[in-house]
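Some notes on the structure that comes next.
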Amino acid sequence: LPIWTPTNEDVDAIYARFMPLQIAKVGEFSAPIAGAVQTLQWLRAHGLKVGSCSGYPREVLNQLLPQAEGAGLKPDYVVAGDELEAGGRPGPFMALANVLALGIGDVRACVKVDDTVPGIEEGLRAGMWTVGLSLSGNEVGYSVEEFARAPEQEAEARVAVAEAKLKKAGAHYVVRSVADLPAVLAQIAAQMRAGKMPF
């Protein structure tokens, strides 16, 4: 059998066919994670700015962001995965674009929260504290309904694998969900008061 080697044109053609499907479907799978709205409110109440580094291209975000805002989630700034010439994860560029846009004076006071290994690497390369999300992230891969039905041992095994990957990537902290973030931020603040920095 002949071996087919895809070209850049082939990849572009597949991407062009996929993009309308992604735009049409993204809203169906983007309900806020339990506790996310409350965590955002807590962050704002404590005077913290919230930036987002998305792997989605801008045309998908244009569909998703209004839905997220309607559900109570509106970051102060969002960088799309296709907006920076320098590239995306695991490079530090999207995280640092947020630092610039939000006017943060010390990147060592920033916390990158992510559910992927490249996202943790992004934060580390940017010089930030990093917090990995295990249960609510891509590594476990359950929908809320699937998690409710999953046998406890199976679910815990998936979470353990996700935690191990995020820790191996260098995450300073790993928690199950963004709902757990306030307690971690309190620990980071205590470390900073004691003179500790991410590196």
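The values are calculated or read from the model by the stated rules, or taken from the named source; none is laboratory data. No experiment lies behind these values; they were computed from the predicted model shown. Cβ placement follows ideal geometry from the backbone for every residue including glycine, while neighbour counts extend to all protein chains displayed. Heavy atoms of the whole protein, side chains included, go into the accessibility calculation; ligands, DNA and RNA do not. Shrake-Rupley method; radii C 1.70, N 1.55, O 1.52, S 1.80 Å.
Summary table below
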| read-out | value |
| --- | --- |
| Carbon + sulfur, % of accessible area of the chain - ligands and nucleic acids excluded, 1.4 Å | 58 percent |
| 27 Å Cα-Cα threshold exceeded, pairs from Lys112/Lys165; Lys25/Lys168; Lys25/Lys49; Lys74/Lys165 | Lys25/Lys168; Lys25/Lys49; Lys74/Lys165 |
| Distance in nm between pseudo-label sites at Ala164 and Ile3 (7 Å out along the Cβ direction from Cα) | 3.3 nm |
| The chain: angle of helix 8-25 to the longest principal axis, Cα-based, in degrees nearest 10 | 60 degrees |
| Note, ³J(HN,Hα) from phi for region 170-179, Karplus 6.51, -1.76, 1.60, rounded to Hz, x at Gly and Pro | x, 4, 5, 9, 10, 10, 6, 8, 4, 5 |
| P(r) histogram, all alpha-carbon pairs of region 58-158 included - 10 Å bins from 0, percent | 14, 35, 35, 15, 2 |
| Length released on extending from Glu152 to Arg58, taking residue separation times 0.36 nm less the Cα-Cα span | 30.1 nm |
| Sequence-separation-based contact order of the chain, relative, with Cα cut under 8 Å and 6+ spacing, percent | 17 percent |
| Rg ratio (alpha-carbon, reference 2.2 N^0.38 Å) - the chain | 1.10 |
| Net lengthening on full extension, Ala13/Arg193 (0.36 nm per residue, minus Cα-Cα) | 59.6 nm |
| Relative contact order (%) - criterion: Cα under 8 Å, at least six apart; region: region 46-93 | 46 percent |
| Ser30 long-range amide H proximity, modeled H, under 5 Å | none |
| Rounded tilt (10° steps) of 152-168 against the dominant C-alpha axis of the chain | 80 degrees |
| Amide H contacts under 5 Å for Val174, placed H, 5+ residues apart | Gly132 |
| Net charge of neighbours whose Cβ lies under 13 Å from the Cβ of Ala109, counting Lys and Arg as +1 and Asp and Glu as -1 | +4 |
| Using alpha-carbon coordinates, inclination of helix 181-193 to the longest axis of the chain, degrees | 50 degrees |
| Å² of accessible area per residue within the chain, as computed with a 1.4 Å probe and no ligands counted | 59 Å² |
